[in-house]
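In what follows, a structure is listed as structure tokens, so that the remarks can point back to it.
Nothing in this text is a laboratory measurement; each read-out follows from the coordinates by a stated rule. Just so you know, these numbers come straight off a predicted model, no measurement behind them. Positions of Cβ are generated from backbone atoms using ideal geometry, with glycine treated the same way; all protein chains shown enter the neighbour counts.
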Amino acid sequence: MSVVKQHEIYRNFFQICHPLIAGKLSLLRQKQTDHKLFRELVHEITLLLGYEATQNLKTTEREIQTPMESCLSSFLADPAPVILPILRAGIGMVDALLSLMPSAKVGHIGLFRNEQTLQPEGYYFKIPEDSDQCHFYICDPMLATGGSAVRAVSTLKEHRVKSITFLCILAAPEGLKAFFQEHPDVPIFSASLDRCLNENGYICPGLGDAGDRMFGTW
Ligand code: PRP
Ligand code: URA
């Protein structure tokens, strides 16, 4: 049985259903989990998510020499992919993705959600030069209203990036609807599809504020 569940309503939404992820996610949600354990769990879940989300990475063959003989063997093709964390909480997913793709470059996009309007406000953007030919992996643990995710993808497209995958840990149905209205071409890989948003735009059952829990700033 595949661990990747493709949803009927959202054809480009892939939920990774695996007992290891489920157990770690339960610990992540628990309010008594401190920031050290929270960061470790985000890292471990991202490793498992990242394994599935990178299944379409292109490879190229080169000749190598084993102790026994020479043979053609696969390597990740150039150009190297780019990881784009949405600051702050996306930072917690970067090291796991880098350990899966050591040659990847890392851009950054700074967005914070205005608590009144729930709209994303941008404060930083930096990607490698000539990255329009690269595949981008945007990472952010939370896709709530979808505003931040939509803005991050739109910004990359404005910079002529054509190939993007979005990774998150929790997604809300309201956010997925908004996201796919704008960017039906961008696949999302997530550990969970949660029930709904509350009146303040927080995911329920959710895990609270991911950035604050990750960095101990509540
Ligand atoms: C959180 C989260 C996402 C965003 C999701 O960040 O990490 O970036 O909210 O919400 P949305 O889908 O409604 O846009 P936040 O804006 O709280 O910033 P922070 O990571 O700096 O705390
Ligand atoms: N951002 C978070 O960190 N958590 C939510 O539930 C919604 C947005």
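Residues that are without any contact (Cβ under 8 Å) to a residue 40 or more places away in the chain and under 23 Å from LEU41 (Cα atoms) within the stretch 75-90 comprise just one, LEU87.
Please go through the stretch 49-93 and pick out each residue that is touching a Ser or Thr at 6+ places or on another chain (Cβ under 6 Å) and polar (S, T, N, Q). Correct list: THR59, SER74. Can you tell me which residue in the stretch 117-165 is farthest from ligand 1 (Cβ to nearest atom), limited to those that are among the acidic types (Asp, Glu) and closer than 23 Å to LEU207 by Cβ? Among them, the one singled out is GLU121.
Within the stretch 202-218, can one find any residue that is among the polar types (S, T, N, Q), exposed (fewer than 15 other Cβ atoms within 10 Å of the Cβ) and near ligand 1 (Cβ under 10 Å from one of its atoms)? Looking through the stretch 202-218, at least one residue is among the polar types (S, T, N, Q), exposed (fewer than 15 other Cβ atoms within 10 Å of the Cβ) and near ligand 1 (Cβ under 10 Å from one of its atoms).
Condition (residue is in contact with a Phe, Trp or Tyr (Cβ under 8 Å, 6 or more places away or on another chain) and of a type in the set (Lys, Arg)) applied to the stretch 43-60: is it met by at least one residue? Within the stretch 43-60, not a single residue is in contact with a Phe, Trp or Tyr (Cβ under 8 Å, 6 or more places away or on another chain) and of a type in the set (Lys, Arg).
Condition check ((1) aliphatic (A, V, I, L, M); (2) in contact with a strand residue (DSSP E or B) (Cβ under 7 Å, 6 or more places away or on another chain)) across all residues:
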residue	(1), (2)
LEU76	yes, yes
SER99	no, no
LEU111	yes, yes
TYR123	no, yes
SER131	no, yes
MET142	yes, yes
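Within the stretch 171-196, being exposed (fewer than 14 other Cβ atoms within 10 Å of the Cβ) and either part of a loop (DSSP other than H, G, I, E, B) or without any contact (Cβ under 8 Å) to a residue 12 or more places away in the chain (or both) holds for GLN181, PRO184, ASP185, ARG195.
Considering GLU121, GLU129, GLU199, GLU158, the condition of being on the phi < 0 side of the Ramachandran plot, exposed (fewer than 15 other Cβ atoms within 10 Å of the Cβ), free of Cβ contacts under 8 Å to residues at least 24 places away in the same chain and within 13 Å of ligand 2 (Cβ to nearest atom) is satisfied by GLU199 alone.
Considering the conditions (1) within 11 Å of ligand 2 (Cβ to nearest atom); (2) of a type in the set (Lys, Arg); (3) over 17 Å from the mean Cα position of the chain (by Cα), ARG88 is excluded by exactly one of them, (3). Regarding ILE127, is this residue under 17 Å from the mean Cα position of the chain (by Cα) and under 21 Å from GLU44 (Cα atoms)? No: the conditions fail for ILE127.
If you go through the stretch 65-116 and keep only what is hydrophobic (A, V, I, L, M, F, W, C), within 26 Å of TYR202 (Cβ to Cβ) and exposed (fewer than 12 other Cβ atoms within 10 Å of the Cβ), you end up with nothing. The set of residues in the stretch 177-192 that are farther than 23 Å from VAL82 by Cα and out of contact with any helix residue (DSSP H, G or I) (no Cβ under 7 Å at 6 or more places or on another chain) comprises LYS177, GLN181.
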